[in-house]
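Before any comments, here is the structure.
Any read-out appearing in this document is the output of simple, stated calculations on the displayed coordinates, not a laboratory observation. Being a predicted model, the structure only gives us computed values, none of them experimental.
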C-alpha cells in the first residue's frame, strides 16, 4: 500500500501542552494496570497507553494539518514518548542520547550553513476503542486482562511520523537543509519478501511547491524576505515483492 506522509516543519511550537517527565510513580501505576496482559501480543512492542506522555502521538500520523508545527524540542518529546512505550523485551528504538550524538555528528558534517533534518517513522500499538465492548480485553480492579479465545486482537497499529530541523534559525535568507539517512529513525513491522521503495520531497514555501530531495544530499532555497517560514516534508513509501 502506498502511503504519503507530509508534515509542517517550522520555528514554532505545536499548540498543545507538553507535560513534564512522568515520575516513577506513574511507571509503577502503569505496570500495575498492564501486569496481567500477555505483552508479547502487543504489535511492535510499543504501546502508547504504556508510554510516559510527554507529547500526544496520535495527531502526528502523517496527515498534513496547519496546527501541527514541529521544532526540535517537540520532535524529541514525541520520540521520547515512543521510546517509553516499550512494554516488553529490548527497546527497539535507540536511546535519546544516542540520537543526540547522531545529531551532533550530522551537524559537524553539514557545516554551519546547513541544517540537518531529523525524521521518525515509527509503528506503535494502541488499544482499540471497542476493546472492552467487543470483549477483547477485560478490566477488573483497575487492571487489564486478556480474554481467552477472543476473535480479534485488541490492538490497532498506528504510525508516528515527524520531521524537524536540528536548529530552526538561519542567519540569512539562504536556507539549506540536508536529510541524513543516519537521522531517520524508522521502526516498522517486518515485511518478509518485500522491498522498500521510498521517495522524499520538500516544499520550502517559496512558491515552487514540492521538489524532490534525497537522503544525505543538501537542498536549499533563497527567500525573498526574512521571517518565519513553514517548510513541508513529504515522505512516500511502499513495499513491493522482492525478486531475486
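Things to note:
- Relative contact order %, the range 194-244, counting alpha carbon pairs below 8 Å whose residues are six or more apart: 53 percent
- Rounded D (µm²/s) - the range 3-241, Kirkwood Rh over Cα pairs, Stokes-Einstein at 20 °C, 1.002 mPa s: 111 µm²/s
- Each Cα pair under 8 Å and six or more residues apart adds its sequence gap; the mean of these over the residue count of the range 3-241 is a relative contact order of 26 percent.
- Comparing the range 31-114 with the 2.2 N^0.38 Å rule of thumb, its C-alpha radius of gyration ratio is 1.33 (two decimals).
- Mean separation of Cα pairs under 8 Å and 6 or more residues apart, divided by the residue count, gives the range 97-151 a relative contact order of 17 percent.
- Sorted largest first, the principal axis extents computed over the alpha-carbon atoms of the range 69-153 equal 58, 28, 24 Å.
- Once you reduce the range 141-175 and the range 72-134 to the center of their Cα atoms, the two points are 9 Å from each other.
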